[in-house]
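These notes concern the structure reproduced below.
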């Protein structure tokens, strides 16, 4: 069995796990999700007759994948709550929904449509998520924090602007 087969088993296992969960990922503990991914991947690796080394490799990939997905869900939740706390600090002349007109380049509009389609959200929801992420990012940086991204190859880079 190749590394590619181990990766495919890990990806399929994590995708199935995430699709079966009734709540958003950040509602679960990172530890419980990793444990569940580990157990399911071991079972899938055994069913595929992977060697012990290949099975360990598949489990490692699955653990990392589920951890990164959980972390992303946690960041989105924190960014939304951060944006909510920031918006509470801004004086408002009223409550409710505000309508604005925004001009986009054709490329930006296509990107917004694609993000909405991929996420199953409306374009307004995608824009609200982007605003929440920007608010969280700016607040994190203002508090002296750093936002790091780990690439698939293991390189870690700091995000300095969103």
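The values are calculated or read from the model by the stated rules, or taken from the named source; none is laboratory data. It should be emphasised that the depicted structure is a prediction, and the values quoted were computed from it without experimental measurement. All Cβ positions, glycine included, derive from the backbone under ideal geometry; neighbour counts span all protein chains shown.
Structure notes:
- Within the option set 108, 47, being at pLDDT 85 or above and loosely packed, with under 11 Cβ neighbours inside 10 Å holds for one residue only, 47.
- Scope the range 28-59; condition closer than 16 Å to residue 12 by Cβ and assigned to a loop (DSSP other than H, G, I, E, B); matching residues: 48, 49, 50
- Of the listed requirements (1) assigned to a helix (DSSP H, G or I); (2) modelled with pLDDT under 80, residue 22 misses just one: (1).
- Positions within the range 111-127 being touching a helix residue (DSSP H, G or I) at 6+ places or on another chain (Cβ under 8 Å) and either in a helix (DSSP H, G or I) or exposed (fewer than 13 other Cβ atoms within 10 Å of the Cβ) (or both), in sequence order: 112, 113, 115, 116, 119, 122, 123, 125, 126, 127
- Among residues of the range 112-162, those that are closer than 22 Å to residue 69 by Cβ and under 19 Å from the mean Cα position of the chain (by Cα), counted: 34
- Any hit, the range 81-89, residues being modelled with pLDDT under 80, crowded, with 16+ Cβ neighbours inside 10 Å, out of contact with any helix residue (DSSP H, G or I) (no Cβ under 7 Å at 6 or more places or on another chain) and outside the structural domain of residue 140 (by TED's automatic domain parsing): no
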